[in-house]
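Engineer: Below you'll find the structure I mean.
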Amino acid sequence: MADAGIASRRAAEQVILEGRVSVNGQVVRVLGSKVDAGHDRVSVDGKPVREKRKLYIALHKPIGCVCSRDDEMGRPTVYELLPREWRSTFTVGRLDFNSEGLIFLTNDGEFALRLTHPRYGVRKKYLATVEGPLVQELLDKLVRGVFNKGEKLKADSARQVSRSVVELELSEGKNREVRRMFESLGLTVRRLQRIQIGKIKLGELKPGRWRALTETEIKTLLLKT
């Protein structure tokens, strides 16, 4: 029922206990009862339950749009970049208005949880173009951890790839984490691009363009990294 969008997993248990669910015309009140989605007829309150088609999208979010479905300031949203039939999805994490790069959208809550909850440790890779002097000592501090507004922020790795560009890997995904890390060092991020999530790279996907993730990519993302 959760996969069909009827209710959350916890709420679905209550629906079952209330005797509102039937399988092949028989009321089921036992939690954990198994059904064959391909053959069994499941109904809630007499209405057939149909599993939603699960959607998984990789989008190159451009600078100048937000990840919210509606924006109180009237700014463009990532949903305006998608065909209408894909707009029932939600973003897996966020990129701020001035950031760009790889972001996933899905209607699969379990998939989103696996990619965003710190306990799963899915790494995201970023390129940050920084204004200010870059020295190895500062990059080492990012890996050891810095404090911003009383919160410890930490990169899994940080390396300088050019005079003003740093590549970072993070696995927590706190709000504006990369920008805040550099702010704590007295540096300003002029451009921020997410180039990889797990093993999936942004690659040649152009700003504003999207593609469906393959089954192999989805399975790769769900593997513990």
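Engineer: Ratio of alpha-carbon Rg to the 2.2 N^0.38 Å globular estimate for the chain, to two decimals, please. Can you show the working numbers first?
Structural biologist: Details: Rg = 21.3 Å, N = 225, 2.2 N^0.38 = 17.2 Å.
After normalising by residue count via 2.2 N^0.38 Å, the value is 1.24.
Engineer: Would you work out which of Val178, Gln136, Ile197 lies farthest towards the positive end of the dipole of the range 123-197? Charges go on Cβ: Lys and Arg +1, Asp and Glu -1.
Structural biologist: Selected residue: Ile197.
Engineer: While we're on this one: Sorting check: for 193-202, 208-217, which peptide has the highest mean count of neighbouring beta carbons within 10 Å, and how do the rest follow? List each step's numbers first, then the result.
Structural biologist: Numbers: 193-202: 17.8, 208-217: 13.6.
Averaged packing, sorted descending, gives the order 193-202, 208-217.
Engineer: Can you put Ser157, Ser184 in order, fewest other beta carbons within 10 Å first? Numbers along the way, then the final one.
Structural biologist: Working: Ser157 13, Ser184 17.
Result, fewest neighbours first: Ser157, Ser184.
Engineer: Contact order normalised by length for the chain, with contacts defined as Cα pairs under 8 Å and 6 or more residues apart; what percent is it? Before the final figure, lay out the partial values.
Structural biologist: Details: 398 pairs, mean separation 45.5, N = 225.
So the answer I get is 20 percent.
Engineer: So, one more: Hey, which aspartates and glutamates would be in cross-link range of Lys199, C-alpha to C-alpha under 20 Å, not counting anything within fewer than 8 residues on its own chain?
Structural biologist: Partners within reach: Glu100, Asp108, Glu110, Asp156, Glu167, Glu169, Glu172, Glu215, Glu217.
Engineer: Among 11-18, 104-111, 24-31, what's the highest-first ranking by average C-beta atoms within 10 angstrom per residue? The partial results should precede the final answer.
Structural biologist: Values: 11-18: 14.0, 104-111: 18.8, 24-31: 9.9.
Order by mean packing, descending: 104-111, 11-18, 24-31.
Engineer: To continue, here is another question. Using unit Cβ charges (K, R positive; D, E negative) and no other charged atoms, how large, in debye to the nearest 20, is the dipole of the chain about its Cα centre? Don't skip to the answer; put the middle values down first.
Structural biologist: Values: 43 positive and 29 negative charges, 53 e Å.
Using only the charged Cβ atoms, the result is roughly 260 debye.
Engineer: Helix by helix through the chain, keep the DSSP H runs that span 24 Å or more along the axis on Cα and average at least 1.0 on Kyte-Doolittle, and give those back in order.
Structural biologist: Details: long enough: none.
Going by DSSP H runs, there are no hits.
Engineer: Taking the Cα-to-Cβ direction at Glu215 and at Arg50 and moving 7 Å from each Cα, how far apart do the two end points lie in nm?
Structural biologist: Between Glu215 and Arg50, the simple spin-label model gives 2.2 nm.
Engineer: Would you calculate a helix-derived [θ] at 222 nm for the chain, using -39,500 (n - 2.57) for each DSSP H run of n ≥ 4 and dividing by the full residue count, to the nearest 500?
Structural biologist: Working: 5 runs with 42 residues, N = 225.
Result for the chain, helices only: -5000 deg cm²/dmol.
Engineer: Related question: Of Lys174/Lys219; Lys61/Lys124; Lys124/Lys219, which sit over 21 Å apart, Cα to Cα?
Structural biologist: Numbers: Lys174/Lys219 25 Å; Lys61/Lys124 15 Å; Lys124/Lys219 17 Å.
Pairs exceeding 21 Å: Lys174/Lys219.
FYI, it's all coordinate maths here, none of it is from the lab. In this text the structure is predicted, and so the values were computed from the model without any measurement. Reconstructed Cβ throughout: ideal geometry from the backbone, glycine too, with neighbour counts over all protein chains shown.
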